[in-house]
Every structure is written in structure tokens, then in C-alpha cells.
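The values are calculated or read from the model by the stated rules, or taken from the named source; none is laboratory data. From a predicted model like this one, the values you see are computed outputs, not experimental measurements. Here the Cβ is made from the backbone with ideal geometry for all residues, glycine too, and neighbour counts use every protein chain on show. Just the protein is used for accessible areas: all its heavy atoms, side chains included, with ligands, DNA and RNA removed. Shrake-Rupley method; radii C 1.70, N 1.55, O 1.52, S 1.80 Å.
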Amino acid sequence: MFNKEDFLNRAEDVADRVLRRGKHVLPHVARLLIVSTFVEDGIRMWFQWGPQRDFMNSSWKCGWYLATLFVVVNMLGQLGACALVLIRRQVAIACAILCGIVAMQTVAYQIFWDIRFLMRNLALAGGIILLLAETRADGRSLFAGLPSSGDNRPRTFMQLGGRILLVLMFLTIFRLDLSAVTILIDVVGTVLVIFITIGYKTKLASLIIVTFLTAMNLYFNAWWNVTDDNSLQDVLKYDFFQTLSVVGGLLLVVALGPGSYSMDEHKKKW
């Protein structure tokens, strides 16, 4: 007789065995993927300096100097902060800069009125929050040899908030379609999103969504195949790297665990 809990436990054990082999590499890959969209956007600001400046000037009537300042701040802020994250120096400051960039772009590009893009930006913010959570000590005592309470509430709240924001990316690809395949994807996706949100079988659910998002990303956002339409290529590239960043965030959830505010953690105490 099929036992759902036993099946999930076995699947999680298989995932854990696979992850143990790459546990030293996984956090580095996750960080690189999280910052990838900011690196791409910073480089794009350099190569599309004029069009970006002119777009801001025409949208906000802010003048040439302020429009140029916007492009400079975006370019240097993103590239500089990403470099700090990758070399593991002043990560808290780098995360603050990246969050500021996300907030500034949300206002500048008027993303507030587009729920899809707003949820994608919130998902990016979730990845940044998890980067910040990674830098916090695991509740160690300040004095060598003395016991620690193990309480690290700021990190725990960051892990909770980060993983909730990350799953907003998956919600943007739901489709209201009555085909059997679409309904199946939506139902399974909803279950996985709920699992990650409440922190139940978090690593397994995150890995399944990572696999799904990666496959969808490579299929639908293959910007390298578009050579005759620069506008379409920019849109696909934007979606591709944003999805890649959320994949990195989910991999960081796998590497860090769901945190204390999760069913997985509470099950250990039962």
C-alpha cells in the first residue's frame, strides 16, 4: 500500500545523499546565481548607456544629469556590490546596496503597477535577504568554551522571509488554462510552494522547483537564439537572469536549511 510520508522521506534521503557530495560547492554556486541578474544589468547599463539615460529622461522628465546619475548609480552599485558578495567582503553593505537598487528600479520603472514584475522583484529581494542570513553566525557564543543558547533570531527571520519571497517567482508562471498538463503543473507547483513557505520537506521541495524553473528558463527564455530582434532579446535576457537568481536563492535555502521557523525544524523536537 502506498505510503505518502514514507515516499517523501525516501525521496528526501536520496536528495540529501546527492547534496552531501556537493555541499562545499553549493553555496558558491548559489551566490553566483543570485547576483547574476545584477551583473547582467550592470553590464547592460554600460553597453546601453545612451538608451537607458534617454529612457529615464523621457519617462520622468528629470533632465540629462539626473538620468545619467541614475545609470551610473545602477551600473557601479550593482557591479561593485556583486563583487563584494562573491569575494565575501562587507556582504551586509553589499546586500543593502542591492536592495536599494531593487527598490530604486521598482520606482523608476514604475513596476508597482505590474504585479508580475513586482513579484519578481520581491523574489529577488528574497534572494538578497538569504545572502545576508548566510553571513550571520549560527548562534555561537562570543566567549570561547562557553555554551551558546543557539538563538539567532535575526537569521531565523531572514530565512523565513527570504524563502517566502522567493516562491513569488513561481507564482508568476502559473497559467489559467484548462489543459491537463497545465492543471497538473499548477497543482503540483502550488503544493511545492506551500511546502517551502511552511518549511516542510524544504530541501526536497526546493530542489524540485529548481529543476522545474531551470528547465522552463532554458526553454522559454533562450535569448541566445534571438539575433534579429534586440528588444525581444533584452526581454528574454531579463527574464532569464532573474529566474537564474531565484534558482540561486532556492539553492541557498537548500544549503542553509529552512531555519527554526519551519515544520522541518519543529519535527526534530517532537
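The table below lists the values:
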item	result
Those residues of region 223-250 which are under 12 Å from Gly162 (Cβ atoms) and out of contact with any Gly (no Cβ under 7 Å at 6 or more places or on another chain), in sequence order	Leu250
Verdict on Asp186 being part of a helix (DSSP H, G or I) and over 24 Å from Pro27 (Cβ atoms)	yes
Qualifying residues in region 1-35 (those that are modelled with pLDDT of 75 or more and assigned to a loop (DSSP other than H, G, I, E, B)) - the one surrounded by the most Cβ atoms within 10 Å (Cβ to Cβ)	Gly22
In region 201-220, the residues that are open to solvent by 20 Å² or more (accessible area, probe 1.4 Å) and not basic (Lys, Arg)	Leu204, Leu207, Ile208, Thr211, Phe212, Thr214, Ala215, Met216, Leu218, Tyr219, Phe220
